[in-house]
Amino acid sequence: MGGQARFALLVVAVFLVIAAVWSWLPPTDETQAAIQDALVRFETARRLVWPEDHYDQTRLPPKVQDELRDRWRRSMMAVAEGAALEDELEDDPVASLLEAPRLLGGRLPLEYAGNVVYFDFKRRTTRGAIKVTAAVDVIKTTGRWSPRAGQLVDVAEDEPEEWCTLSVYTLRQGGDAWHVVDVQPASGPNGGPPYFYNPATGEFTQDPGA
């Protein structure tokens, strides 16, 4: 083997080592904070709240439903792309929203706020995306409409979840924003049920009911 060929192989080897090291190199604290913010925006955008102009109703006119769907689609397109966006757009969040008053005993969903309770960088992909394992606790605020008072009453936040689902998120940066491009349940090394995380104790389990 000639000198040029050996040099070329050395260059390739060095490049591969650098690429391997780079793929496992955690991003900066600023980037990790931006990714966590993107996860919260993604998880809260998936859920719809009851429109203010219809707090006194438990059903919504077709026109309002269409407006909500359109607004939701645009919100999802701002936080997701690729497989993650396609998966979300297969659902109908308005149908779930219309079930809320019945499932919540007459209460209406008013707001969603998210909190990243677990976050672990996994690796970078060859296409520049970043994979993380994370759990986002989404807290729902609900209230009940009082016809007598003509306003919402008993407005309250749900308690934080005892066990939060762990997911493997893949995110890609577009401009100044990070978008979720894929979401998969975090399961054990041999597959099986998804993992859950207890923020209070730091425990992991595949069966939160155990």
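Before moving on, here are some points about what is shown:
- When the criteria are applied in full, TRP50 fails the requirement of being part of a helix (DSSP H, G or I) and either aromatic (Phe, Trp, Tyr) or under 22 Å from the mean Cα position of the chain (by Cα) (or both).
- Across the range 82-97, the qualifying residues are those that are of a type in the set (Gly, Ala, Ser) and without any contact (Cβ under 8 Å) to a residue 60 or more places away in the chain, and the one among them that is surrounded by the most Cβ atoms within 10 Å (Cβ to Cβ) is SER96.
- Subset of the range 134-159 [assigned to a strand (DSSP E or B) and among the aliphatic types (A, V, I, L, M)]: ALA134, ALA135, VAL136, VAL138, ILE139, LEU152, VAL153, VAL155, ALA156
- Residues located in the range 160-184, provided they are in a loop (DSSP other than H, G, I, E, B), more than 17 Å from GLU43 (Cβ to Cβ) and in contact (Cβ under 8 Å) with a residue 12 or more places away in the chain: GLU162
- Residue in the range 105-122 that is exposed (fewer than 14 other Cβ atoms within 10 Å of the Cβ), in a loop (DSSP other than H, G, I, E, B) and in contact with a helix residue (DSSP H, G or I) (Cβ under 8 Å, 6 or more places away or on another chain) present: no
- Filtered by the rule that a residue be within 23 Å of GLY105 (Cβ to Cβ) and among the hydrophobic types (A, V, I, L, M, F, W, C), the range 22-75 gives LEU48, VAL49, TRP50, LEU60, VAL64, LEU68.
- Matching residues, the range 32-45, being under 19 Å from GLN65 (Cα atoms) and either surrounded by fewer than 19 Cβ atoms within 10 Å (Cβ to Cβ) or of a type in the set (Val, Ile, Thr) (or both): THR44
- Annotation: of all residues in the range 60-81 being surrounded by fewer than 16 Cβ atoms within 10 Å (Cβ to Cβ) and of a type in the set (A, V, I, L, M, F, W, C), the one that is farthest from the chain's Cα centre (by Cα) is VAL64.
- Flag for ALA100 being buried (at least 18 other Cβ atoms within 10 Å of the Cβ), hydrophobic (A, V, I, L, M, F, W, C), under 30 Å from VAL155 (Cα atoms) and modelled with pLDDT under 95: yes
- Entry remark, the range 106-149: residues being without any contact (Cβ under 8 Å) to a residue 12 or more places away in the chain and either at positive phi or in contact with a strand residue (DSSP E or B) (Cβ under 8 Å, 6 or more places away or on another chain) (or both) number 1 in total.
- Among the residues of the range 123-133, those that are of a type in the set (A, V, I, L, M) and part of a strand (DSSP E or B) comprise ILE130, VAL132.
The values are calculated or read from the model by the stated rules, or taken from the named source; none is laboratory data. Please read all numbers here as calculations on a predicted model, not as lab measurements. Note that we place each Cβ from the backbone using ideal geometry, even for glycine, and neighbour counts take in every protein chain shown.
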